[in-house]
Amino acid sequence: MQDVLARVQRAFGSAFDVEPGSVTIDTVPGDIRAWDSMGHVTLASSLEQEFGVTFDVDELMEMENVREIVRILQAKLARLDKAVT
Amino acid sequence: MSSPAQWNFAALLVERLGQGSELLDAPSSERLVATELRAAIANFAATFAAAGLRPGDRVLIGCNLRPLSSVAYLGAMFGGLVAVPLNETTLAGSGEALARKTRARAVWTECGVRGDWAARGGLRELEGRPYDTGSNAPAPTDRSEDDLAALMATSGSTAMPRLVKVSHGNLIANTEAIIRSQRLGSDERAMLVLPVSYCFGASVLHTHLYHGGAVVFDSRFMFADKVLRAIAHYGCTSFAGVPTAYQILLRRSNIRTIPMPSLRRFLQAGGALSVAAVQQMRAIVPHAEFFVMYGQTEATARISCLPPQRLTDKAGSVGVPLDNITVRIVGADGEDVPTGESGELWVAGKSISAGYLDEPEETRRRFRGGWLATGDIASRDEEGYLWINGREGEFIKMCGIRVGFAEIETTVAAVHGVLECAAAAVPHAEAGEALTLYVVAAERADDVVAAVRRSLPPKWPCDSITLVAELPRNAHGKLVRSQLPQLARPALAGGDTRARASEDSRPADEIWRT
């Protein structure tokens, strides 16, 4: 969880040019000025690069805040682990 | 156009509100029905007057995608003030400089101004809802045709936007012509995901209310499915978007499975959307007409519109001028060029602005004796349809021949598997300049680079084709050409693990040197 959050923070940093540490589990789009529709696409690309995954449309729609993003990524990474082992 | 006794655009708009007129906030379902909207617009005028503002004074309006900022904007105009609608991000970043530039006397925001720049600049700060004047709501302030109604920021890539002087007469002329060109009924409901600080967003607000309709605001376009469901839920009839919005709908939404039975039309402006994307939109939502349009802030908003019944045989055209706009295609010698040949597009009519605020040199360059020199290179066919071939200065000179980036990008975007393309020039030993292309490909991108290369005529030497995940765009979805070179070297930007991860997992991010 901590590890995923740290990487999510890094992805936010590169997507929005914000201090990664300023992003918390409680951050919502209203907290970050550039997190609009265009920004969401940039963020998705940044997260995809950071984690080496791709999001489907339904996942993009669920990524309403950092907590949800972490939840979706944890589920995704768990699925990938399972597929590998 | 009618010849109103009253030229105050907001007053005319209020008069024309219908029984079904309302402003609605989709996320919260909060709404202002027609009677409340009328009162709120007048109350805002009263609130600004009570703060000491007089007709002709300028007021910065912090715009977001909720109804209240639009009401404040219309209320300022209703009270004879000059509204300066700015999106909240611009206001936060450049509010102080824009206040100085406009000599604004006040700033209104929904939730307060960040920082102390307004206080330091002596601006009155107004926030949130207006006073309730009850039965003492003021009458609109009389305005004449040429009186300023708004200063609209251009969406160019410069850090400090230019401000276009928009008069009440400009707004009336453009609004009425747009209503005719889109054949709007009196029962329309627009879904608006663009702020009214952007002239396209403002034009949707204006036309729908002015014709007795309603506007639904939705700030959740980042979760596009929510907006699509809101279109269905609130019975919206129009959706307005820039090219990027349609690319997001096609690539990052469930538009194929979310039914929108009420939708009658898609409105598209703000740059060129590929013919392929238009065709996909048509195929996915065949019952909604698709309006390809062209405009500029300097022309209030809209200049031309492609009638949907000509979408196929005039694919790629931006249509015909609105019925109160005259156009010329002007060559380098200042004379009209023959039909079918390229030149700069000049437009004239009552919706053309008088110029930029306090920029006499740039105003002289663009506004010439009633004509607006758009800076767009266009041609006109024998039926009067306009084709935009590029933008002044956005050319590459290969083997001595100038080719517009727009023409190249249209050619490449037509290749199967290509979603979007941006072209740039690099020096070339033999040709002088050669192309470098940035291509956003559909998911299975294996053969796209080869297909793009095959699509290029031999007279267009191509140095490289880079597949990228997204093109750099500004807040209005406009391509930011200056950021293109940064896309070319993702692996060199620090050489960190992220770039490598992207190459491993996402072939679309790899660089293809060809």
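Computed from the coordinates by the stated procedures, all read-outs in this text should not be read as laboratory data. Predicted, not measured: the structure shown is a model, and the values here were computed from it. Heads up, the Cβs are rebuilt from the backbone with ideal geometry, glycines too, and the neighbour counts pull from every protein chain shown.
In peptide A:32-42, what is the residue-averaged number of other protein chain Cβ atoms found within 10 Å of each Cβ?
6
Give me the percent relative contact order of chain B, please, defined on Cα pairs under 8 angstrom at least 6 residues apart.
Computed over chain B, the figure is 10 percent.
Could you give me the radius of gyration and the Dmax of segment B:1-154, taking only the C-alpha atoms into account and expressing both in angstrom?
Rg, Dmax (Cα atoms, Å): 15.0, 45.
Would you list, by chain and number, the aspartates and glutamates whose Cα falls below 19 Å from the Cα of A:K76, excluding same-chain residues fewer than 8 positions away?
A:K76 reaches A:D3, A:E48, A:E50, A:D56, A:D58, A:E59, A:E62, A:E64, A:E68, B:D504.
Order of B:199-209, B:13-23, B:455-465 by packing, highest average Cβ count within 10 Å first?
B:199-209, B:13-23, B:455-465
Across peptide A:49-56, what mean number of C-beta atoms from other chains lies inside 10 Å of a residue's C-beta?
If you average over the peptide's residues, the count of other-chain Cβ atoms is 5.
What's the tally of Lys pairs in chain B whose alpha-carbon atoms lie under 30 angstrom apart, where the two lysines are 8 or more places apart or on different chains?
14
For segment B:73-175, state which chymotrypsin sites (Phe, Trp or Tyr not before Pro) are in a DSSP loop and have at most 16 other beta carbons lying within 10 Å of their beta carbon.
B:Y131
If you build the convex hull over the alpha carbons only and average its shadow over all orientations, what do you get for chain A? Give it in nm² to one decimal.
5.1 nm²
State, to one decimal in nm, how far the label point of B:E15 lies from the label point of B:E127, with both points 7 Å from Cα in the Cβ direction.
Rounded to a tenth, the inter-label distance reads 3.8 nm.
Relative to the longest principal axis of chain B, what angle (0 to 90°, nearest 10) does the C-alpha long axis of helix B:275-284 take?
70 degrees
In debye, nearest 20: dipole of chain A around its Cα centre with unit charges on the Cβ of K, R (+) and D, E (-)?
Dipole size: approximately 260 debye.
Please work out whether segment B:383-493 counts as rounded, prolate or oblate from its C-alpha gyration tensor, where a ≥ b ≥ c are the square roots of the eigenvalues and a/c under 1.5 means rounded, while otherwise a/b larger than b/c means prolate and anything else oblate?
rounded
Place a +1 charge on the Cβ of each Lys and Arg in the protein assembly as shown and a -1 charge on the Cβ of each Asp and Glu, then give the dipole magnitude about the Cα centre in debye, rounded to the nearest 20.
For this selection, approximately 340 debye.
Provide, as a two-decimal number, the C-alpha radius of gyration of chain B over 2.2 N^0.38 Å, N being how many residues it has.
With N residues counted in chain B, Rg over 2.2 N^0.38 Å equals 0.99.
How big is the Kirkwood radius of segment B:146-202, worked out from every pair of different alpha carbons and given in Å to one decimal?
Hydrodynamic radius (Kirkwood, Cα pairs) of segment B:146-202 is 13.1 Å.
Once you have the alpha carbon radius of gyration of the protein assembly as shown, what is it after dividing by 2.2 N^0.38 Å, with N set to its residue count?
Normalised Rg, Cα atoms only: 0.97.
Going 7 Å from the Cα of B:R120 in the Cα-to-Cβ direction, what parts of segment B:58-102 have a backbone nitrogen less than 17 Å from that spot?
The answer is B:91-102, whose backbone nitrogens lie closer than 17 Å to the label point.
Taking a ≥ b ≥ c as the square roots of the Cα gyration tensor eigenvalues, with a/c under 1.5 meaning rounded and otherwise prolate when a/b beats b/c, else oblate, which class fits segment B:10-80?
oblate
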